[in-house]
1. Treating only the Cβ atoms of Lys and Arg (+1) and Asp and Glu (-1) as charged, compute the dipole magnitude of the stretch 21-166 about its Cα centre; round to the nearest 20 debye.
2. Give or take rounding to whole Å, what are the principal axis extents of the alpha carbon atoms in the stretch 56-105, in descending order?
3. Specify the angular offset, from 0 to 90 degrees and rounded to the nearest 10, of the alpha carbon long axis of helix 2-19 from the longest principal axis of the alpha carbons in the chain.
4. Would you work out what percent of the accessible area of the chain, with all protein chains in place, is carbon or sulfur (probe 1.4 Å)?
5. Using only Cα atoms, find the angle between the long axis of helix 128-145 and the longest principal axis of the chain, and express it within 0 to 90 degrees, rounded to the nearest 10.
6. Amide H of residue 184: which non-local residues (sequence gap of 5 or more, or other chain) have their own amide H closer than 5 Å, using H built in the peptide plane?
7. For the stretch 42-124, what is the charge dipole size about the Cα centre, in debye to the nearest 20, if Lys and Arg each add +1 at the Cβ and Asp and Glu each add -1 at the Cβ?
8. Name the residue from 110, 245, 190 whose Cα lies farthest towards the positive end of the charge dipole of the chain, charges +1 on Cβ of Lys and Arg and -1 on Cβ of Asp and Glu.
Amino acid sequence: MALAVTIGSLLLVALAELFRARRRSRFPAFRRRLGNVGIWLFNVVLAGIFFTAPATFRPQIEAAFHVSLPAWPIGHAAVGFVIGFLLLDLLQYAVHRCQHAIPFLWRLHALHHSDPDVDVTTAVRHHPIEYLIASAIYWLVVLALDIPVIIVLSHGLTVFAAAAVTHGNIRLPGWLERSLQPVVITLDLHLIHHSIAYEEANSNFGAVLSIWDRIFGTLAPPSRARQDALTFGVRELSQRDCLRLSAMFLTPWRLGRAPTGRAG
């Protein structure tokens, strides 16, 4: 099921882009998309090497240190699912804000924002070091709280499918955008986050739910007119260089040589 949701969400959005693209690509797409997907596959291999299932690792810790780690405290399945899902989504929001606020993390996260032609493959364009750090935080929280695997899997797949849609070079119906935005991070909300303008890029941090942006004052409602005028990327980085795989991997150091001042 996990594989079907992962591959299926990418392919469905890619097909929608093929037949009803929202924006015309500014640069040749094949090399950029191949690089984005290549980085993602590399990251998946890295995660498989460095992380085991928390449920498998917990007994090993308990045996090695002769301790009993606390179990997930919510016995009611439905209530536990909702609370666990909200907790993991809040964690995603917090990590994302840190990736913009902390200079070291921003240099890593800038690879994701440097894509000059945002499409479904941008969803999986993350620097390997960033991917490992974010995965480690997520993994440690799941391990420490003993969050049930069904909650972790459900949230992870929802985040992935949502990311495929919210990076797609597609257009959702206006009524659907308006209906979902009070609760969910929609396509238009997230595209604002990829703006080259610093103020816009530092908004709409949510992964699935928009309630965190509302609560913490980082929500920037989009307008259709602004959507059509958006420019994507990182101001300090050459957009053409951001198409090359080698330059993608070197983004943290390329950004370090750029003039002072971060952009989304």
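1. Details: 11 positive and 7 negative charges, 159 e Å.
Using Cβ point charges on Lys, Arg, Asp and Glu, the stretch 21-166 gives about 760 debye.
2. Here the spans come out as 39, 32, 14 Å, largest first.
3. 10
4. Numbers: 9320 of 13170 Å².
C and S atoms contribute 71 percent here.
5. Computed tilt is about 30 degrees.
6. Close amide H contacts, sequence-distant or interchain: 210.
7. Working: 3 positive and 5 negative charges, 58 e Å.
In total the dipole reaches around 280 debye.
8. The residue sitting most towards the positive pole is 245.
The values are calculated or read from the model by the stated rules, or taken from the named source; none is laboratory data. As the structure is a prediction and not an experimental result, all values here were calculated from the model. In this analysis, Cβ positions are derived from the backbone assuming ideal geometry, glycine residues included, and neighbour counts consider all displayed protein chains. Areas reflect the complete protein model, heavy atoms only, side chains present, ligands, DNA and RNA absent. Shrake-Rupley method; radii C 1.70, N 1.55, O 1.52, S 1.80 Å.
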